[in-house]
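**Student:** One structure, as structure tokens, below. Some questions next.
Since every read-out is calculated from the coordinates, none of them should be taken as a lab result. The shown structure was predicted, so the numbers you read here are calculated from the model rather than taken from an experiment. Cβ placement follows ideal geometry from the backbone for every residue including glycine, while neighbour counts extend to all protein chains displayed.
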Amino acid sequence: MPLETQPADPTEKPGILPMQGLNALIEAGAITSASPFDADQVQPASLDLRLGARAWRVRASFLPRGRTVAERLKDVEMHEIDLTRGAVFESGCVYIAELQERLDLPAGISARANPKSSTGRVDVFVRLLTDCGDLFDDVVEGYSGPTYLEIAPQTFTVLARTGTRLNQLRLKRGASPKLYTTDCGVDLTGELVGFRARRHAGIIDLDHIAGHDPRKYWEPLWFNRGELLLDPGEFYILASKTNVEIPVREAAEMLPIDPGVGEFRVHYAGFFDPGFGTEEAQGTGSKGVLEVRCHETPFLLEDGQTVARLVYEPLTDKPTRLYGQLGSNYQKQGLKLSKHFQPW
């Protein structure tokens, strides 16, 4: 960017806001909540969002497109669910839930949401909704209003309640540049190469950490000449071929590559916070975990094949704490299931 176009005040430079910037927005009332914020809710470059008191079973997904979410709900609502006592979200069904956090963003600040890693790894598809929004997960600059979450469990039936965290929000000032991208290949070497979800397994309690026997939910996949045949409709957990490192002044998002390379979708939970996999945060040797779903036709995946892409963006400043320094289930991870499961 030419020197003359850079803002004079370095605190106003474009980029993703680190945790101190998120805390400043909370203190200023730009982000409020129906209950006090949790001590660990603000992450190095994102804010965890929490389920509110109510959800609705709906007969179809929707985008508000010029109307409020509450107005559109009337067209598709089937019944209301009380989340304060906990509720079961059935696989194959679609729900809309209130979130506790409300946004009153100042001019120049926009946001983007993504499922948390633990949500994606149990194949629960979630997307943020905002009033009058034309897109899922994207929050327009200066948005003022409530937030909602579409919840669509794909393989497992799950139990959640008020306060459960299923997604996270990344806030951005201005139009920050995309710095660079790196391709992410799949690792199909080693004795254990992945896991395939078992259909018709039991309920997963999304707030019960290390409380589930993985063998009841997952089938291990063993080495087979560096190949893996993906079955249509099945869900897999695999690992990246190379280590992932997110510099301390950057954040990254993992995006699927062109579907023309194969009949599969990779990675539903895409945010990587600054410090992931870095020596400074004691995370050297961290792999990216890949959530893979095959579509209409079987597909033969080969070791090293590119399946996703990491896109890096700058932060406005180095976060006061890095990923892993707040406590993490996934720093220095290899092939790893979600935090809900006991070690394999």
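**Student:** As an exercise, use a Förster radius of 51 Å and the Cβ-Cβ distance of ASP40 and ARG225 to find the FRET efficiency, rounded to the nearest 0.05.
**Tutor:** 0.70
**Student:** Can you give me the long-range amide H partners of THR242? Hydrogens built in the peptide plane at 1.01 Å from N, cutoff under 5 Å, separation of 5 or more residues or another chain.
**Tutor:** Those lying under 5 Å, H to H, from THR242 are GLY185.
**Student:** Just to verify a number: FRET efficiency for SER176 and THR306, C-beta to C-beta distance, R0 = 22 Å, to 0.05?
**Tutor:** That pair, SER176 with THR306, gives E of 0.30.
**Student:** Using θ = phi - 60° and the Karplus form 6.51 cos²θ - 1.76 cosθ + 1.60, what ³J(HN,Hα) does each residue of the stretch 20-37 get, whole Hz, x for Gly and Pro?
**Tutor:** Each residue of the stretch 20-37 in turn: 5, x, 5, 5, 5, 5, 5, 5, 7, x, 6, 10, 10, 8, 5, 9, x, 5 Hz.
**Student:** What are the ³J(HN,Hα) couplings of the stretch 182-197, residue after residue, when phi is run through the Karplus curve with 6.51, -1.76, 1.60 and θ = phi - 60°? Round to Hz, x for glycine and proline.
**Tutor:** 10, 7, 10, x, 9, 9, 10, 9, x, 5, 9, 9, x, 9, 10, 5
**Student:** Counting other Cβ atoms within 10 Å, keep those with at most 12, restrict to DSSP loop, and tell me which GluC sites (Glu not before Pro) in the stretch 247-330 are left. Don't jump to the answer; show the numbers that get you there.
**Tutor:** Values: sites: GLU250, GLU253, GLU263, GLU279, GLU280, GLU291, GLU296, GLU302; in loops: GLU263, GLU279, GLU280, GLU296.
Passing both the DSSP loop test and the Cβ count: GLU279, GLU296.
**Student:** Right, something else. Pairs of Cα atoms under 8 Å, at least six residues apart: use those to get the relative contact order of the chain, whole percent.
**Tutor:** Values: 907 pairs, mean separation 71.6, N = 344.
It rounds to 21 percent for the chain.
**Student:** Report the calculated FRET efficiency for LEU192 and VAL88 (r = Cβ-Cβ distance, R0 = 30 Å), to the nearest 0.05. Please report the intermediate quantities before stating the final value.
**Tutor:** Numbers: r = 31 Å, r/R0 = 1.04.
Efficiency, from the Cβ-Cβ distance: 0.45.
**Student:** Let me ask another. Return the Rg/Rh ratio of the chain with Cα-based radii and a Kirkwood Rh. The partial results should precede the final answer.
**Tutor:** On the way: Rg = 19.8 Å, Rh = 20.7 Å.
The Rg/Rh ratio comes out at 0.96.
**Student:** In whole Hz, with x marking every Gly and Pro, tabulate ³J(HN,Hα) for the stretch 46-55 from phi via Karplus 6.51 cos²θ - 1.76 cosθ + 1.60, θ = phi - 60°.
**Tutor:** Working through the residues one at a time gives 7, 10, 5, 9, 10, 4, x, 8, 10, 9 Hz.
**Student:** The stretch 103-161: which trypsin sites (Lys or Arg not before Pro) are DSSP loop and have at most 10 other beta-carbon atoms within 10 angstrom?
**Tutor:** Values: sites: ARG112, LYS116, ARG121, ARG127, ARG161; in loops: LYS116, ARG121, ARG161.
Counting only loop positions with at most 10 other Cβ atoms within 10 Å, none of the trypsin sites (Lys or Arg not before Pro) in the stretch 103-161 qualifies.
**Student:** Given the convex hull over the Cα atoms of the stretch 199-344, what projected area results after averaging over all orientations, in nm²? The partial results should precede the final answer.
**Tutor:** Numbers: hull surface 38.8 nm².
Averaging across all directions leaves 9.7 nm² for the Cα convex hull.
**Student:** Another question about this same structure. Can you find, among LEU221, THR242, PHE276, the residue sitting farthest towards the positive end of the charge dipole of the stretch 208-288, where Lys and Arg contribute +1 and Asp and Glu -1 at Cβ?
**Tutor:** LEU221
**Student:** Here's another thing I want to ask about it. If you average the sequence gap of Cα pairs under 8 Å that are 6 or more apart and divide by the length of the stretch 3-173, what percent do you get for the contact order? Please report the intermediate quantities before stating the final value.
**Tutor:** Values: 395 pairs, mean separation 53.5, N = 171.
Contact order relative to length: 31 percent.
**Student:** Restricting to Cα pairs below 8 Å that are 6+ residues apart, what does the relative contact order work out to for the stretch 180-314? Please round to a whole percent. Write down the numbers at each step before the final one.
**Tutor:** Values: 299 pairs, mean separation 50.4, N = 135.
For the stretch 180-314, the relative contact order is 37 percent.
**Student:** About the Cα centre of the chain, how large is the charge dipole given +1 on each Lys and Arg Cβ and -1 on each Asp and Glu Cβ? Please answer in debye to the nearest 20.
**Tutor:** On the way: 38 positive and 47 negative charges, 120 e Å.
Computed about the Cα centre, the dipole is about 580 debye.
**Student:** Is it possible to state the helix-based mean residue ellipticity at 222 nm for the chain, with each DSSP H run of 4+ residues giving -39500 (n - 2.57), the sum divided by total residues, to the nearest 500 deg cm²/dmol? What is it?
**Tutor:** Numbers: 3 runs with 21 residues, N = 344.
Computed mean residue ellipticity for the chain: -1500 deg cm²/dmol.
**Student:** With unit charges on the beta carbons (Lys and Arg positive, Asp and Glu negative) and the dipole taken about the Cα centre of the stretch 3-173, which residue among VAL88, SER144, ALA45 sits farthest to the positive side?
**Tutor:** Final value for the positive-end residue is VAL88.
**Student:** Sticking with this structure for a sec: Near the amide H of GLN168, under 5 Å away, which other amide H atoms are found, from residues 5 or more places off or on another chain, if H is placed in the peptide plane?
**Tutor:** Answer set, sorted by chain and number: LEU49, ASN114, LYS116.
**Student:** Check GLY86: other-chain or 5+ apart residues with amide H under 5 Å from its amide H, H built from backbone geometry?
**Tutor:** Answer set, sorted by chain and number: THR162.
**Student:** On to the next question. With only Lys, Arg, Asp and Glu charged, each at its Cβ (+1 for the first two, -1 for the last two), find how big the charge dipole of the stretch 3-173 is about the Cα centre; round to the nearest 20 debye.
**Tutor:** Details: 20 positive and 23 negative charges, 86 e Å.
Dipole of the stretch 3-173, to the nearest 20 debye: 420 debye.
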